Amino acid sequence: MLEVIVAIFILSSLIIYALMGGADFGGGIWNLLAFGPRAKRQREAIADAIAPIWEANHVWLILVIVLLFTGFPSAFGAMMTALNIPITVMLLGIVLRGSAFVFRKYDVKDERRWNTLFGMASFLTPFFQGVILGALTTGLIRVEQGSIVTGFMAGWLTPFALSCGVFALGLFAFLAATYLTLDTRDEPDLQEDFRRRALWSGLALAPIALAVFLTSRRGAPAMYHELTHWWAPLLLVWTSLFAGAALIALWRRRFVVARFAAIGQVTLILLGWGLAQYPNLVTPDVTVANAAAPEFTMRLLVIALGFGAVLLLPSLAYLFYVFKRREPG
């Protein structure tokens, strides 16, 4: 039971990371793709939206990693070994993105170079995050007696895993553009720019999602089987309703509704992935049950999570209140 609780915390942290950190990556994507006479203002709006909280958003990724190596050490070892290459690239992307975001404020002469690096790292990182999640479900990463027997290339170069990477890019770009429609409420021309980007990227998600589903039949058969269970159509209907509501709200310029609908859409997508993946952590050999740490460790971990939540959640809520509230006038 304790291992299930920790697994739920991991999935919850991934969802929050996608909703917060994922939107930051999406902002970097639009920073790179900014064009036209308002390109500079678009980049400034993105920087203003990201700057106060982008470091805090990585708390959730750190929490996922800590929970994995503490609660499921053999799963952590298998993931870090088999997916060493994409994980290393992802971490390099996170470091380069953060460095470029800071340096462009101080190195004014080369601001364009730092903007480009910031945008490219923002493309690279979520793509490989999607690839990693996709690779874990392919069934091609095999573990025998705690050792990886399929090398460093298994799983993550498949059409299914690569399509998951493209889907993550589109999802984060859509989320960021939707958020930015509210962050630019005092600049109607910029708000309209991000509204159009949100509509384009939101519409593009449908064919990409179809490609992910079709490639899963051979690329991730266990997940495909789970996605054809009775609960999957219900989840698909609700996800589609949230997606449609977000697009309609964007079209009608109901930006608050669009933000909440986009949050619901992303949450249900990741919840569906978690349900389809359970009980596997690395399909098919590493599961929540056989990878769990000793019960004493899991009990201490759950207690620490409870105390940590009491400290962390109010602090993050106050951070958002301070930096994201709208000043009068």
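The values are calculated or read from the model by the stated rules, or taken from the named source; none is laboratory data. No experiment lies behind these values; they were computed from the predicted model shown. Cβ placement follows ideal geometry from the backbone for every residue including glycine, while neighbour counts extend to all protein chains displayed. Only protein heavy atoms, including side chains, enter the accessible area calculation; ligands, DNA and RNA are left aside. Shrake-Rupley method; radii C 1.70, N 1.55, O 1.52, S 1.80 Å.
Please give the helices (runs of 4 or more DSSP H) falling wholly within region 32-146 in which 2 or more residues are within 24 Å of residue 160 (Cβ to Cβ), free of Cβ contacts under 8 Å to residues at least 60 places away in the same chain and open to solvent by less than 70 Å² (accessible area, probe 1.4 Å).
Helices (runs of 4 or more DSSP H) meeting the threshold: 59-71, 73-82, 84-106, 111-135.
Take region 147-165 and flag every residue that is within 12 Å of the chain's Cα centre (by Cα) and open to solvent by 20 Å² or more (accessible area, probe 1.4 Å).
Scanning region 147-165 gives a single hit, 164.
What number of residues in region 200-222 are open to solvent by 80 Å² or more (accessible area, probe 1.4 Å) and either in contact with a Lys or Arg (Cβ under 9 Å, 6 or more places away or on another chain) or in contact (Cβ under 8 Å) with a residue 40 or more places away in the chain (or both)?
2
Among the residues of region 290-299 satisfying the criterion of being in a helix (DSSP H, G or I) and touching a helix residue (DSSP H, G or I) at 6+ places or on another chain (Cβ under 9 Å), which is most open to solvent (accessible area, probe 1.4 Å)?
295
Return the residue satisfying two criteria in turn: it lies in region 180-192 and is under 12 Å from residue 253 (Cα atoms) and touching a residue at least 60 places away in the same chain (Cβ under 8 Å), and of such residues it is most open to solvent (accessible area, probe 1.4 Å).
Filtering first and then ranking leaves 185.
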